[in-house]
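Novice: Have a look at this one before I ask anything.
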Amino acid sequence: MAVKIYNTLTRKKEDLQTLEPGKIKIYVCGPTVYSKAHVGHAMSAMVFDILRRYLEYRGYDVRYLMNFTDVDDKIIQRANERGVDPFELAEGYIRDYEQNLADLNIKPASFNPRATQEIGQIIEMIEGLIEKGYAYPVDGDVYFRVEKDDDYGRLSGRKLDDMQAGARIDVDTRKEHPMDFALWKAARPGEPEWESPWGKGRPGWHIECSAMNLHHIGEQIDIHGGGNDLIFPHHENEIAQTESLTGKPFATYWVHNGMLQLGGEKMSKSTGNLITIEDFLADYSADVLRFTVLNSGYRSPLTFTKEVLAQSQKGLERLASGLRPALPGVKGASLEVLDTLAKAVETAQENFVNAMDDDFNGSGALASLFDLVRVINQTRSSGATDEELSAAQDKVRELSGVLGLMLVTEEAGTSKADAFIDMLVSLRSSLRQDKQWAYSDRIRDELLALGVILEDSKDGTTWRWGS
RNA sequence: GGCGACGUCGCCAAGUGGUAAGGCAGAGGUCUGCAAAACCUUUAUCAUGGGUUCGAAUCCCAUCGUCGCCUCCA
């Protein structure tokens with residue numbers, strides 16, 4: 001069975017068919033680096049990280065690019081406000097973002113192109129577009145001629161006529177059509193500038209992505225991703241520019257994630273309705289966000305509330321419960337029970353792949369893991385040994401890993417405190433044998449306050465670090 | 001005003017023609033000195049109103065509601 005992907009271009013799920021067998025080229029729109037990134041960026045990055053990890057798991061050789069827009073009006077404005085160099089400002093936020101991604105367990109891209117490093121390519125493209133009649137210079141600016149592009153609007157499902165009707169459009173009489181967009185902007189005093197055939201200036205927003213693609217992965221790519229707020233105008237314009245120049249379909253699949261909702265509204269940099277990734281990670285683990293993203297459809301809006309995060313936290317604990325060791329003093333489970341476990345491993349594998357194949361259904365993939373965890377826990381309760389549990393637990397780790405979940409719990413045997421905790425637990429066991437409940441409960445309570453969870457069973461006491 | 005997405009159990013949600021996955025929370029139970037964990041049992045007819053069909057959460061139309069885009073935005 002093939003992987004199915006929902007394609008914004010056709011509004012349908014389609015079988016994934018790559019340009020080259022076994023290889024897949026993915027380009028994802030990264031942030032404009034003028035401020036700290038927020039959880040919405042994290043969500044988007046995670047969605048495509050999951051997509052990428054899964055395609056790798058399915059055996060594809062993935063080339064994955066994510067860009068940085070490092071020259072733009074807002075960067076310049078912010079830099080001027082602070083009296084710093086715009087390039088340095090951008091550089092700082094790029095480093096922050098890379099750190100954010102690492103903290104979120106998001107795999108680094110194969111390459112991170114930057115707008116400022118593509119100026120030559122950009123100028124070349126614009127020249128090509130002018131030559132073909134798709135662009136025209138005015139007073140040092142260069143605009144794309146939307147009316148020349150018959151397909152314009154096909155990604156976002158708009159028509160030029162519809163858009164003029166109610167939209168607020170700046171009346172720029174120099175433009176031939178109100179929807180014509182800038183490929184090149186003439187420099188104003190004090191702004192970063194590059195030499196060009198049209199005078200000093202800098203690239204427009206959309207052209208950089210087209211240029212980076214062309215330069216680093218080619219005229220045609222398999223998947224182009226980003227937030228659904230980029231569909232129009234950004235991706236629409238990318239298509240217009242690239243395809244007008246090359247005459248070939250740009251990306252086969254356009255994949256867009258839904259917006260993160262904070263307080264019933266889109267989390268957004270420009271409105272300030274946001275929580276930075278840094279602040280989020282101060283309170284929650286990366287897994288909590290990843291679980292939340294996985295559990296909701298990546299194309300739907302994701303409700304971001306404390307309650308949802310708490311639910312994710314509990315869900316993760318449940319997944320991790322499957323990884324706990326055998327009960328103390330067990331002699332092994334029956335063949336029948338072990339057979340059920342082995343079958344559950346197969347079923348989980350199958351359900352997992354089926355779910356993920358179907359447009360990266362994370363919720364379904366998690367369900368397959370929960371089902372397996374339940375059977376593991378049943379098996380453990382039936383007296384299975386660590387060895388008998390290990391294959392199933394490895395499967396949980398393997399599949400969680402494909403989703404990018406770490407499921408790391410601080411394990412016994414890794415801390416200097418272990419010996420002391422063991423001693424207290426052993427002391428408490430003696431107290432319990434003498435029915436000294438007051439003292440034994442006090443030890444349990446005080447250890448709990450220190451983050452150590454004790455669990456008694458009739459065959460002894462186990463302990464683990466809480467989260 | 002235009003375009004698009006969505007509305008499934010208290011909450012997060014999967015499911016796109018054949019009588020509703022999973023997680024959280026809740027209730028009852030097993031185990032336990034108590035507790036915790038784990039396990040077992042249990043909880044919905046799918047916004048509303050029409051229509052198509054032998055049969056619809058799933059297709060069509062209308063209504064209501066939510067969100068996104070149309071200006072920078074993941």
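Novice: Using the C-alpha atoms of the range A:313-467, what convex hull volume per residue, in cubic angstrom, is computed?
Specialist: Working: hull volume 17.2 nm³, N = 155.
Hull volume normalised by residue count: 111 Å³.
Novice: Sticking with this one: Of all the Cα-Cα pairs you can form in the range A:306-403, what percent are over 20 Å apart? Before the final figure, lay out each step's value.
Specialist: Values: 1780 of 4753 pairs.
That tail contains 37 percent of the Cα-Cα pairs.
Novice: Can you compute 3J(HN,Hα) from phi for each residue in the range A:11-23, using the Karplus curve 6.51 cos²θ - 1.76 cosθ + 1.60 with θ = phi - 60°, rounded to whole Hz and x for Gly and Pro?
Specialist: Residue by residue, the range A:11-23 yields 6, 9, 7, 10, 5, 6, 10, 8, 4, 10, x, x, 10 Hz.
Novice: Okay, next question. Tell me the label-point distance for the pair residue A:87, residue A:23, using the 7 Å Cα-to-Cβ offset, in nm and rounded to one decimal.
Specialist: 3.3
Novice: Need the full-extension length gain, residue A:187 to residue A:271, defined as separation in residues times 0.36 nm minus the C-alpha distance. One decimal, nm. Working shown, then result.
Specialist: Details: separation 84, 0.36 × 84 = 30.24 nm, distance 2.70 nm.
That pair, residue A:187 and residue A:271, stretches by 27.5 nm at full extension.
Novice: Next question, about the same structure. Can you tell me the 0 to 90 degree angle between the C-alpha axis of helix A:39-57 and the longest principal axis of chain A, rounded to 10?
Specialist: It works out to around 80 degrees.
Novice: Turning to a different aspect of this structure: Which cross-chain or sequence-distant (5 or more) residues have an amide H under 5 Å from the amide H of residue A:453, H modelled 1.01 Å from N in plane?
Specialist: Long-range HN contacts for residue A:453: A:464, A:465, A:466.
Novice: Sticking with the crude label model, points 7 Å out along Cα→Cβ, report the distance from residue A:367 to residue A:450 in nm, one decimal please.
Specialist: Spacing of the two 7 Å Cα→Cβ label points: 4.4 nm.
Novice: Also, I was wondering about something else. Calculate the length of the line joining the C-alpha centroid of the range A:342-409 to that of the range A:202-222, in whole Å.
Specialist: Taking the Cα centre of the range A:202-222 as reference, the centre of the range A:342-409 is 40 Å away.
Novice: Compactness ratio of the range A:1-88: Cα Rg over 2.2 N^0.38 Å, N = residue count? Before the final figure, lay out each step's value.
Specialist: Working: Rg = 17.4 Å, N = 88, 2.2 N^0.38 = 12.1 Å.
Normalised Rg, Cα atoms only: 1.44.
Novice: For each of A:163, A:356, count neighbouring Cβ atoms within 10 Å of the residue's Cβ, then give the residues from fewest to most. Can you show the working numbers first?
Specialist: Numbers: A:163 18, A:356 26.
In order of increasing Cβ crowding within 10 Å: A:163, A:356.
Novice: What value, in deg cm²/dmol to 500, does the helix sum -39500 (n - 2.57) over DSSP H runs of n ≥ 4 give at 222 nm once divided by the residues of chain A?
Specialist: Numbers: 15 runs with 213 residues, N = 467.
The helix contribution divided over chain A gives -15000 deg cm²/dmol.
Novice: What order do you get for A:187-194, A:59-66, A:33-40 when each peptide is scored by the mean count of other beta carbon atoms within 10 Å, highest first?
Specialist: Numbers: A:187-194: 13.9, A:59-66: 19.0, A:33-40: 22.6.
Final packing ranking: A:33-40, A:59-66, A:187-194.
Novice: Restricting to DSSP loop positions (anything but H, G, I, E, B) with no more than 11 other Cβ atoms inside 10 Å of their own Cβ, which trypsin sites (Lys or Arg not before Pro) remain in the range A:398-467? Walk me through the numbers on the way to the answer.
Specialist: Numbers: sites: A:416, A:428, A:432, A:435, A:442, A:444, A:458, A:464; in loops: A:416, A:435, A:458.
Listed in order of number, the matching sites are A:416, A:435, A:458.
Novice: For the range A:204-251, which GluC sites (Glu not before Pro) pass both filters: DSSP loop (anything but H, G, I, E, B) and at most 16 other C-beta atoms within 10 Å? Spell out each step's value before the answer.
Specialist: Working: sites: A:208, A:219, A:236, A:238, A:243; in loops: A:219.
Sites meeting the loop and neighbour criteria: A:219.
Novice: Which FRET efficiency value, to the nearest 0.05, is calculated for residue A:308 and residue A:107 with the Förster distance at 22 angstrom and r the Cβ-Cβ distance? Before the final figure, lay out the partial values.
Specialist: Working: r = 25 Å, r/R0 = 1.13.
Plugging the Cβ-Cβ distance into 1/(1 + (r/R0)^6) gives 0.30.
Novice: Taking the Cα-to-Cβ direction at residue A:415 and at residue A:321 and moving 7 Å from each Cα, how far apart do the two end points lie in nm?
Specialist: The answer from the label model is 2.2 nm.
Novice: How long are the semi-axes of the equivalent ellipsoid of the range A:232-333, defined as square roots of 5 times the Cα gyration tensor eigenvalues? Whole Å, largest first. Working shown, then result.
Specialist: On the way: eigenvalues 321, 93, 22 Å².
One finds semi-axes of 40, 22, 11 Å for the range A:232-333.
Novice: With both bridge residues required to lie in the range A:4-283, what share of the DSSP beta bridges run antiparallel, to the nearest 5%?
Specialist: Numbers: 20 of 38 bridges.
Beta bridges within the range A:4-283, antiparallel portion: roughly 55 percent.
Novice: First check a/c for the range A:359-421, with a ≥ b ≥ c the square roots of the eigenvalues of its C-alpha gyration tensor; if it is under 1.5, answer rounded, and if not, answer prolate when a/b is larger than b/c or oblate otherwise.
Specialist: Values: a/c = 2.83, a/b = 1.44, b/c = 1.96.
Since a/c reaches 1.5 but b/c is at least a/b, the shape of the range A:359-421 is classed as oblate.
Novice: On to the next question. Along the charge dipole of chain A, which of A:366, A:196, A:41 sits closest to the positive end, that is, farthest toward it, with unit charges on the beta carbon of Lys, Arg, Asp and Glu (+1, +1, -1, -1)?
Specialist: It is A:366.
Novice: Could you tell me which residue out of A:433, A:384, A:137 lies farthest along the dipole of chain A toward its positive end? Charges go on the beta carbon: Lys and Arg +1, Asp and Glu -1, centred on the Cα centre.
Specialist: Checked the options; the winner is A:433.
Novice: Sorted from largest down, give the three principal axis spans of the alpha carbons of chain A, whole angstrom values.
Specialist: 92, 52, 37
Novice: Using the Kirkwood formula over every pair of different C-alpha atoms, what hydrodynamic radius in Å results for the range A:418-465? Please report the intermediate quantities before stating the final value.
Specialist: Values: mean 1/r = 0.0946 Å⁻¹.
Evaluated on the range A:418-465, it is 10.6 Å.
Novice: Over the alpha-carbon set of the range A:4-283, work out the extent along each principal axis and list the three values in angstrom, largest first.
Specialist: In descending order, the Cα extents are 49, 47, 37 Å.
Novice: Please get the size of the charge dipole for chain A, origin at its Cα centre, with Cβ charges of +1 on Lys and Arg and -1 on Asp and Glu, quoted in debye to the nearest 20. Don't skip to the answer; put the middle values down first.
Specialist: On the way: 53 positive and 73 negative charges, 203 e Å.
I would put it at about 980 debye.
Novice: Same structure again: Which loop-located trypsin sites (Lys or Arg not before Pro) does the range A:317-387 contain, where loop means any DSSP state but H, G, I, E or B and the Cβ has at most 11 other Cβ atoms within 10 Å? Numbers along the way, then the final one.
Specialist: Values: sites: A:318, A:331, A:343, A:374, A:380; in loops: A:331.
Counting only loop positions with at most 11 other Cβ atoms within 10 Å, the trypsin sites (Lys or Arg not before Pro) in the range A:317-387 are A:331.
Bear in mind that the values in this text are calculations on the coordinates, not laboratory data. This structure is a prediction, so every number in the text was calculated from the model and none was measured. Quick reminder, even Gly has a Cβ in these numbers, built from the backbone with ideal geometry, and neighbours come from all protein chains shown.
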